[in-house]
Amino acid sequence: MELIDILIPKICVGDTVELKKPHPCGCKEFIVLRSGMDFRLCCRGCGREFLIPRSKAEKNIRKIERKDEG
């Protein structure tokens, strides 16, 4: 594992991320539907989809659950 992987974790489609701020419905967990210059996230509480810039998302991520961890 390289130093860059530790500082900026790789976020893949299908991963579940926990952000610092909750969605208006109260849920803090989101599923990654698309990754690139921005992320398309889906709220696990209400199902709402939205785009967020990569820089803002990476700054606000608290925890990443990989898709293959079950």
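Remarks
- Among the residues listed as 22, 9, the single one being at pLDDT 90 or above and within 13 Å of the chain's Cα centre (by Cα): 22
- Matching residues, the range 5-50, being open to solvent by 50 Å² or more (accessible area, probe 1.4 Å), outside any loop (DSSP other than H, G, I, E, B) and either charged (D, E, K, R) or touching a residue at least 60 places away in the same chain (Cβ under 8 Å) (or both): 5, 29, 34, 40, 49
- Selected residue (criterion: surrounded by the most Cβ atoms within 10 Å (Cβ to Cβ)) from residues of the range 51-70 that are of a type outside the set (D, E, K, R) and in a helix (DSSP H, G or I): 57
The values are calculated or read from the model by the stated rules, or taken from the named source; none is laboratory data. On a predicted model such as this, the values are computed, not experimentally measured, just so you know. Cβ coordinates were reconstructed from backbone atoms using ideal geometry, including for glycine residues, and neighbour counts include every protein chain displayed. Areas reflect the complete protein model, heavy atoms only, side chains present, ligands, DNA and RNA absent. Shrake-Rupley method; radii C 1.70, N 1.55, O 1.52, S 1.80 Å.
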